[in-house]
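In what follows, a structure is listed as structure tokens, so that the remarks can point back to it.
The values are calculated or read from the model by the stated rules, or taken from the named source; none is laboratory data. Note that the structure is predicted; figures quoted are calculated from it, not measured. In this analysis, Cβ positions are derived from the backbone assuming ideal geometry, glycine residues included, and neighbour counts consider all displayed protein chains.
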Amino acid sequence: MSGPSSKNGQSFIENYPALLQKLIHDYKSAEDPWRVTPYWDTYNRRIIDEINASGIQNLQLNYKLLKGFASGGMPVPIPPNDPLKKFVFEGVQKLPVFSKVFGAHKHIIKVQHKTAVGLHIFRAKQVLKNIEEAFGKLEFDFDMNTGGADDVFEWNGGQITASLVPYLARAADFYSKVPMKDVTSLVEIGPGLGLSTVAHRILNPHLKRFVNVDIPATLYLSTQFLKSLGCFQVVDYIDHKSTDPVIVGQEQEDLPVCYCLPPWSFEDVKEPYDWFHNAYSFMEMEPEVVRAYAAHAESIVTKGVWVMSHEQGHKPNAGNQRETVTLDMIEKAWGDDFIRTDAEASHSLLFDTKPEEFRLYTKRSAEQALKKAV
Ligand SMILES: C[S@@+](CC[C@H](N)C(=O)[O-])C[C@H]1O[C@@H](n2cnc3c(N)ncnc32)[C@H](O)[C@@H]1O
């Protein structure tokens, strides 16, 4: 567990090669359904190569590291995985004439990126005002300008990024339906960088415990990113393996605990969690993997499930996915105990979320308890 690292006044994200190595090593003995599925296999390998090549100090600025699960950094073309195609791809750019064309193209992208960042920040500020109208002033005691983020701006005396705001909007929509005090712990599968975790940390002071589960490459980035903010007690995979294999609640300390675990450790989580969340990652897995996550989650989740996903999933065979995962298929993975309830996505609509992509399911027993209490 560690707080933010600072070098020359600039917060950077710490490399932790031993953590990455352990994840890669232990992944070799992971079995289905906890192995990386086809859609994410290429990403996982490519990201690991890029981590080894560039490190993660400037994670929030490295498009090659973030592409697929977060925004940040100037867009650059991603080289093909095939070594021969990669050789040609990189070689062509160095040839006379071509180098000039590529150079001009890069310059245009740079200018456009700068403009886009300005617009993102402008929109983010409007959305933050809307959220504050509904929830009051957003207080946060940490800065998000770690890892070279270029979409940073000041809000209520702290540094926040435009990339975080869509996740704050999602969380605001969630809390417009679910009382904050009913959410003291949260499980998320496929959190990507972990911006949803940060958004909940800002909005909901009752949250004490998070479990985030992701595949090795993404998990490594997210673990180190969340540590860099200094607003969680991050329990990483090495911490998890070096103590009791069963996770024990450690929520007695000031900061909320965030367990960052790979898929094959999910079943180690035995204690109850209030809510479960998944956003746009079930639809990139295979149906049996979604069912496996839901099956274990059902045994620990006490209040409800919040899913965001494209209704029809990805187009067939996207990224070599074997079977399309629709939102209805995700719904069916949960037992009869989870009942669909009203949901709306008014804040996240501003980031192009379609209202039908946002679904809430309340656990029957929790709903009955609530009715009795009223
Ligand atoms: C499209 S991104 C979504 C990220 C984030 N939830 C969001 O809404 O921005 C998909 C995420 O699913 C993760 N993922 C892919 N396969 C997974 C698996 N088998 N188990 C857990 N996470 C997985 C990826 O690493 C990535 O973080």
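As a summary of the residue check, Ser99 satisfies the conditions (1) in contact (Cβ under 8 Å) with a residue 40 or more places away in the chain; (2) polar (S, T, N, Q); (3) exposed (fewer than 14 other Cβ atoms within 10 Å of the Cβ) except for the one numbered (1).
Considering only residues in the stretch 203-212 that are surrounded by fewer than 24 Cβ atoms within 10 Å (Cβ to Cβ) and not in a loop (DSSP other than H, G, I, E, B), the one that is nearest to the ligand (Cβ to nearest atom) turns out to be Leu203.
For Val325, the stated conditions do not hold, so it cannot be described as part of a helix (DSSP H, G or I), in contact with a helix residue (DSSP H, G or I) (Cβ under 7 Å, 6 or more places away or on another chain), of a type outside the set (D, E, K, R) and within 14 Å of the ligand (Cβ to nearest atom). Of all residues in the stretch 259-281, those satisfying the criterion of being out of contact with any strand residue (DSSP E or B) (no Cβ under 7 Å at 6 or more places or on another chain) and farther than 19 Å from Asp32 by Cβ are Lys270, Glu271. Close Cβ contacts (under 8 Å, 6 or more residues apart or on different chains) running from residues in the stretch 281-300 that are within 22 Å of Ser196 (Cα to Cα) to residues that are basic (Lys, Arg) comprise Ile300/Lys270.
Scanning for something part of a strand (DSSP E or B) and among the hydrophobic types (A, V, I, L, M, F, W, C), does the stretch 283-303 turn up at least one residue? Taking every residue of the stretch 283-303 in turn, at least one turns out to be part of a strand (DSSP E or B) and among the hydrophobic types (A, V, I, L, M, F, W, C). Of the residues making up the stretch 30-77, those that are more than 15 Å from the ligand (Cβ to nearest atom), surrounded by fewer than 18 Cβ atoms within 10 Å (Cβ to Cβ) and part of a loop (DSSP other than H, G, I, E, B) are Gly55, Met74, Pro75, Val76, Pro77. Yes or no: Ser11 at pLDDT below 95, under 21 Å from Val152 (Cα atoms), away from the ligand (no atom under 16 Å from the Cβ) and touching a strand residue (DSSP E or B) at 6+ places or on another chain (Cβ under 9 Å)? Criteria met by Ser11.
Looking at the stretch 147-194, the strands (runs of 3 or more DSSP E) lying wholly inside it that each contain 2 or more residues that are within 23 Å of Leu261 (Cα to Cα) and in contact (Cβ under 8 Å) with a residue 12 or more places away in the chain sit at 185-189.
Could you list, in sequence order, all residues of the stretch 356-374 that are in contact with a Ser or Thr (Cβ under 9 Å, 6 or more places away or on another chain) and modelled with pLDDT of 90 or more? Listed by number, the residues that qualify are Glu357, Phe358, Arg359, Leu360, Tyr361, Thr362, Lys363. Lys114 fulfils the conditions (1) within 16 Å of the ligand (Cβ to nearest atom); (2) within 15 Å of Ser163 (Cα to Cα) except for a single criterion, (1).
Does Ile24 satisfy the criteria of being within 16 Å of the ligand (Cβ to nearest atom) and within 28 Å of Pro256 (Cα to Cα)? Answer is yes for this residue. When the residues of the stretch 272-322 are filtered to those that are under 17 Å from Asn212 (Cβ atoms) and acidic (Asp, Glu), the one that is nearest to the ligand (Cβ to nearest atom) is Glu284. For the stretch 213-243, residues that are more than 13 Å from the ligand (Cβ to nearest atom), over 9 Å from Tyr259 (Cβ atoms) and not in a helix (DSSP H, G or I) total 5.
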